[in-house]
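Reviewing the structure listed below.
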Amino acid sequence: AQSVSQHNHHVILSEAASLELGCNYSYGGTVNLFWYVQYPGQHLQLLLKYFSGDPLVKGIKGFEAEFIKSKFSFNLRKPSVQWSDTAEYFCAVNARAAGNKLTFGGGTRVLVKP
Amino acid sequence: GAVVSQHPSRVICKSGTSVKIECRSLDFQATTMFWYRQFPKQSLMLMATSNEGSKATYEQGVEKDKFLINHASLTLSTLTVTSAHPEDSSFYICSARTWGNTEAFFGQGTRLTVV
């Protein structure tokens, strides 16, 4: 079945460590890719998005993501995390092949230890 | 950026009653709205897609008679959980986008507790 997969369910790391969260999708054709963050008790916020152009996308709060079409991947990175980055991160894909519906990955819960 | 507002943010209701959740786009016309459900520690699961003026399209496994969706105007969609049961307790989230745009904007969610 077509889907969005996030490989890590939980990630624990210390402040200043680098973060990389994996996201793979299985849709062919045109896709738009998103990373959302959900801080404890808050609603979803858009971190960054890829529609076209430069496959390396920079978002808010120092996050970036790289679209690798050949690998069907859109991994999220941050070189140096802060305690305030503790949150749940969701990858989402809008695919024409899936009727232009936004499909979410399972989410990755990130805990940054001070 | 575009703002989507959900109301109420929290609601507690008795088993067997119905609950209506509103989703409003405050500064844009939402030709399409989406309703999601999020169980604790899980991802968002799409329940249905509604286009203004049309019947909603429900995802497989979602009971359309239980989760009534109305999208009568370009700024308002409602989700009514009918004859609510404790297993309907969840976090319901709407998102909205305008015609021709791929990016959707999310409401803050509604936490429904059925007792």
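Just to be sure before I move on: is A:LYS49 among the charged types (D, E, K, R), within 12 Å of another protein chain (Cβ to nearest Cβ) and closer than 27 Å to B:GLY107 by Cβ in the structure I sent? Talk me through it step by step, then tell me what you get.
Numbers: among the charged types (D, E, K, R): yes; within 12 Å of another protein chain (Cβ to nearest Cβ): yes; closer than 27 Å to B:GLY107 by Cβ: yes.
Criteria met by A:LYS49.
Quick check: is even one residue across the stretch A:87-109 among the acidic types (Asp, Glu), open to solvent by less than 60 Å² (accessible area, probe 1.4 Å) and more than 24 Å from A:VAL31 (Cα to Cα)?
As a first pass, look at the stretch A:87-109 and keep what is among the acidic types (Asp, Glu): A:88.
If we keep only those that are open to solvent by less than 60 Å² (accessible area, probe 1.4 Å) as well, we get A:88.
Those still in the list that are more than 24 Å from A:VAL31 (Cα to Cα) too: none.
Looking through the stretch A:87-109, none of the residues is among the acidic types (Asp, Glu), open to solvent by less than 60 Å² (accessible area, probe 1.4 Å) and more than 24 Å from A:VAL31 (Cα to Cα).
Residues in the stretch B:74-99 that are more than 11 Å from chain A (Cβ to nearest Cβ) and part of a strand (DSSP E or B): how many?
The total comes to 9.
Only residues that are more than 8 Å from chain B (Cβ to nearest Cβ), within 17 Å of B:ARG111 (Cα to Cα) and not hydroxyl-bearing (Ser, Thr, Tyr): list them for the stretch A:31-46, please.
Matches in the stretch A:31-46: A:GLN38, A:PRO40, A:GLY41.
Does B:GLN42 satisfy being within 14 Å of another protein chain (Cβ to nearest Cβ), under 30 Å from A:ARG109 (Cα atoms) and open to solvent by 40 Å² or more (accessible area, probe 1.4 Å)?
yes
What number of residues within the stretch A:1-27 satisfy the criterion of being touching a strand residue (DSSP E or B) at 6+ places or on another chain (Cβ under 9 Å) and open to solvent by 40 Å² or more (accessible area, probe 1.4 Å)? Steps first, answer last, please.
First pass over the stretch A:1-27, keeping only residues touching a strand residue (DSSP E or B) at 6+ places or on another chain (Cβ under 9 Å): A:2-15, A:17-27.
Still in the running and open to solvent by 40 Å² or more (accessible area, probe 1.4 Å): A:2-3, A:5, A:7-10, A:12, A:14-15, A:18, A:20, A:24, A:26.
Residues that pass the stated criteria total 14.
Rundown of residues vs (1) open to solvent by less than 70 Å² (accessible area, probe 1.4 Å); (2) closer than 19 Å to A:ASN94 by Cα, yes/no style:
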| residue | (1), (2) |
| --- | --- |
| B:GLY53 | yes, no |
| B:TYR58 | yes, yes |
| B:LYS64 | no, no |
| B:HIS71 | yes, no |
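Output the number of residues of the stretch A:86-114 satisfying the condition of being more than 15 Å from A:ASN32 (Cβ to Cβ) and either assigned to a strand (DSSP E or B) or under 13 Å from the mean Cα position of the chain (by Cα) (or both).
Let us first name the residues in the stretch A:86-114 that are more than 15 Å from A:ASN32 (Cβ to Cβ), namely A:86-89, A:106-114.
Of the ones still in play, those that are also either assigned to a strand (DSSP E or B) or under 13 Å from the mean Cα position of the chain (by Cα) (or both) are A:87-89, A:106-113.
Counting residues in the stretch A:86-114 that are more than 15 Å from A:ASN32 (Cβ to Cβ) and either assigned to a strand (DSSP E or B) or under 13 Å from the mean Cα position of the chain (by Cα) (or both) gives 11.
Conditions: (1) in contact (Cβ under 8 Å) with a residue 40 or more places away in the chain; (2) buried (at least 17 other Cβ atoms within 10 Å of the Cβ); (3) touching a His at 6+ places or on another chain (Cβ under 9 Å). B:PHE34 meets all but one. Number of the miss?
For B:PHE34, the exception is condition (3).
Determine whether the stretch B:100-107 contains at least one residue that is more than 13 Å from B:PRO8 (Cβ to Cβ), within 11 Å of chain A (Cβ to nearest Cβ) and under 13 Å from the mean Cα position of the chain (by Cα).
yes
Can you spot a residue in the stretch A:74-86 that is among the polar types (S, T, N, Q), within 23 Å of B:PRO40 (Cβ to Cβ), surrounded by 15 or more Cβ atoms within 10 Å (Cβ to Cβ) and in contact (Cβ under 8 Å) with a residue 60 or more places away in the chain?
In the first step, residues of the stretch A:74-86 are kept if they are among the polar types (S, T, N, Q); the result is A:75, A:80, A:82, A:84, A:86.
Within this subset, residues satisfying the condition of being within 23 Å of B:PRO40 (Cβ to Cβ) are A:84, A:86.
This time we only want the ones that are surrounded by 15 or more Cβ atoms within 10 Å (Cβ to Cβ), so: A:86.
Keeping just the survivors that are in contact (Cβ under 8 Å) with a residue 60 or more places away in the chain gives none.
Taking every residue of the stretch A:74-86 in turn, none turns out to be among the polar types (S, T, N, Q), within 23 Å of B:PRO40 (Cβ to Cβ), surrounded by 15 or more Cβ atoms within 10 Å (Cβ to Cβ) and in contact (Cβ under 8 Å) with a residue 60 or more places away in the chain.
If you take the residues of the stretch A:21-38 that are under 14 Å from the mean Cα position of the chain (by Cα) and of a type in the set (Ser, Thr, Tyr), which of them is farthest from B:LEU44 (Cα to Cα)?
Filtering the stretch A:21-38 for residues that are under 14 Å from the mean Cα position of the chain (by Cα) and of a type in the set (Ser, Thr, Tyr), the one farthest from B:LEU44 (Cα to Cα) comes out as A:TYR25.
Among the residues of the stretch A:50-73, which ones are under 15 Å from A:TYR27 (Cβ atoms) and buried (at least 16 other Cβ atoms within 10 Å of the Cβ)? Before the answer, list the steps.
Step one: of the stretch A:50-73, the residues under 15 Å from A:TYR27 (Cβ atoms) are A:50-51, A:67-73.
Correct list: A:TYR50, A:PHE67, A:PHE72, A:SER73.
Residues are listed down the side, and each one gets a yes or a no for (1) free of Cβ contacts under 8 Å to residues at least 40 places away in the same chain; (2) closer than 16 Å to B:MET45 by Cβ:
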residue: B:THR80; (1), (2): no, no
residue: B:GLY100; (1), (2): yes, no
residue: B:PHE106; (1), (2): no, yes
residue: B:ARG111; (1), (2): no, yes
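Considering the stretch A:84-114 alone, what residues qualify as being among the β-branched types (Val, Ile, Thr) and farther than 17 Å from A:CYS23 by Cβ?
To start, the set of residues in the stretch A:84-114 that are among the β-branched types (Val, Ile, Thr) comprises A:86, A:93, A:103, A:108, A:110, A:112.
A:THR86, A:VAL112, listed by residue number.
The values are calculated or read from the model by the stated rules, or taken from the named source; none is laboratory data. Nothing here was measured: the structure is a model prediction, and the numbers come from that model. So basically every Cβ, Gly included, is an ideal-geometry build from the backbone, and we count neighbours across all protein chains shown. To get the accessible areas, we keep the full protein, side chains included, count just its heavy atoms, and leave off ligands, DNA and RNA. Shrake-Rupley method; radii C 1.70, N 1.55, O 1.52, S 1.80 Å.
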